[in-house]
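The values are calculated or read from the model by the stated rules, or taken from the named source; none is laboratory data. All values derive from a computational prediction rather than experimental measurement. Virtual Cβ from ideal backbone geometry, glycine too; neighbours counted across all protein chains shown. When the accessible area is computed, the model is the full protein with side chains, heavy atoms only, and any ligands, DNA or RNA have been set aside. Shrake-Rupley method; radii C 1.70, N 1.55, O 1.52, S 1.80 Å.
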Amino acid sequence: MDISDAIKKGDKILKKNGIKTYKLDCEILMSQVFKKNRTDLILNSCTNLSDKQITLFNDLIEQRSKKKPVAYLIGRKDFWKYEFKVTKDVLIPRPDTEILVEQTLKITNHKSRLKILDIGTGSGCILLTILKERKGYCGTGIDICKKTLDICRVNVKNLNLINRIRLFKSDVDNFKYGKYDLIISNPPYIKKFDLKYLEKDIYDYEPKSALDGGLDGLFQIKKVIFNSSRLIKKNGILILEIAFNQTYIVKKILKENGYFIRDVVKDLAKNNRCIISIKK
Ligand code: GLN
C-alpha cells in the first residue's frame, strides 16, 4: 500500500468515527509513521509503506478513532514558536493559552529583568515560552505532580533553559520560596459537574487534575490568588487564565485580596479568557 492509499483509508475511518479534523489528523499521523513532514508526504504519495509502517499507522488511526488526542499519539504539541513534549500526564497546550504569553510580553515590554512564578506549570508551555522570548528573565515553576514535572524538565532541556529555571514539586499552599515580579497561572477551572460535558477527547484522556476546579470551578483559582498575595512583590503582576463566565467573580475575588484589575483579555473565540491584575 502506498502513502496516498493509506491516507485515504485512514481518512475514511476517522470520518466514520466522527473526527471532525480527520484529514489533518490523518496526515499528521502518517507524518509520524513516515518520519517526514506533511509536504514530504505529498511528494512521496506513491511511495510504498513497509508492513511495519502500515501496522503502526493502522494502530494510530484506531487510537484516534477512539478520540485519543493527536498530541498524545505523537507525543508533542506546538505552542507559540516552540514544540513541547506531552504525555497523558500533562494538559495539552491550547492556542487560547497563548494569550497569557502574548499579554505577559506586552505588559513587561519595558522590563529587562524579571522573576516569574508559574503555578501549576504542567508541560511548562507558558513559562518556558516567556523565558525563550525574554533572555533576561528567570522562572520558577511549581506543580503537584512528579510525572508532570518530569515532562516539564524534558521541555526545559529541549529549549535550553536549564540555567534560568527552577522546578519544584509543591502545592502552592506550601510553597514559600521567593518573591516574584510576575505570577502566571492557568489553574484547573472547570466545575466538577461540568467535566462530563467536555469533549470525549478531553474527558477520556487529559488529566482531570489539570481541569477540575472543584464544585464551583473556583477552588484552585482562589488558592492561586490567596497564595500569590504573599508570593508577589508590591506592584507585581498576576496573570490568570479563567473560564469565559468567571470574569465577574474572579474580578471580585482579586479586588477583595488587594489587587487592582488592569485588563480582561478575550481569546480567539472572543470569550474573556485572561485577567491581568496588579498587587497594590
Ligand atoms: N481551557 C481548558 C479546556 O477547555 C481548561 C483548562 C483549565 O481548566 N485550566 O479544556
If you take just the strands (runs of 3 or more DSSP E) that sit entirely in the range 180-266, which of them hold at least 3 residues that are over 15 Å from S277 (Cα atoms) and within 16 Å of the ligand (Cβ to nearest atom)? none
Residues that are over 15 Å from the mean Cα position of the chain (by Cα), part of a loop (DSSP other than H, G, I, E, B) and not basic (K, R): does the range 148-158 have at least one? no
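Of all residues being of a type in the set (K, R) and within 16 Å of the ligand (Cβ to nearest atom) in the range 57-112, which is nearest to the chain's Cα centre (by Cα)? Just the residue, please.
Among them, the one singled out is R94.
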Residue count for the range 225-280, restricted to those that are aromatic (F, W, Y), open to solvent by 10 Å² or more (accessible area, probe 1.4 Å) and touching a strand residue (DSSP E or B) at 6+ places or on another chain (Cβ under 7 Å): 2
State yes or no: is G124 touching a residue at least 24 places away in the same chain (Cβ under 8 Å), in contact with a Cys (Cβ under 9 Å, 6 or more places away or on another chain) and surrounded by 16 or more Cβ atoms within 10 Å (Cβ to Cβ)? yes
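Regarding S65, is this residue within 25 Å of K88 (Cα to Cα), among the small types (G, A, S), open to solvent by less than 70 Å² (accessible area, probe 1.4 Å) and out of contact with any Lys or Arg (no Cβ under 6 Å at 6 or more places or on another chain)?
Taking the combined requirement at face value, the residue satisfies it.
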All helices (runs of 4 or more DSSP H) inside the range 1-86 with 3 or more residues being at pLDDT 95 or above: 3-16, 22-34, 51-65, 70-74
D204 fails exactly one of (1) open to solvent by less than 70 Å² (accessible area, probe 1.4 Å); (2) within 25 Å of L149 (Cα to Cα); (3) touching a residue at least 40 places away in the same chain (Cβ under 8 Å), namely (1)
Which pairs do you get when a residue that is more than 22 Å from Y205 (Cβ to Cβ), found in the range 36-65, comes within reach of a residue that is in a loop (DSSP other than H, G, I, E, B) and charged (D, E, K, R), reach meaning Cβ atoms under 9 angstrom, with the pair 6+ apart or on two chains? L43/K36; N44/K36
Could you tell me whether any residue of the range 145-160 is surrounded by fewer than 23 Cβ atoms within 10 Å (Cβ to Cβ) and either at pLDDT below 95 or on the phi > 0 side of the Ramachandran plot (or both)? yes
Inside the range 68-82, the number of residues satisfying the requirement of being of a type in the set (G, A, S) and surrounded by fewer than 17 Cβ atoms within 10 Å (Cβ to Cβ) is 1
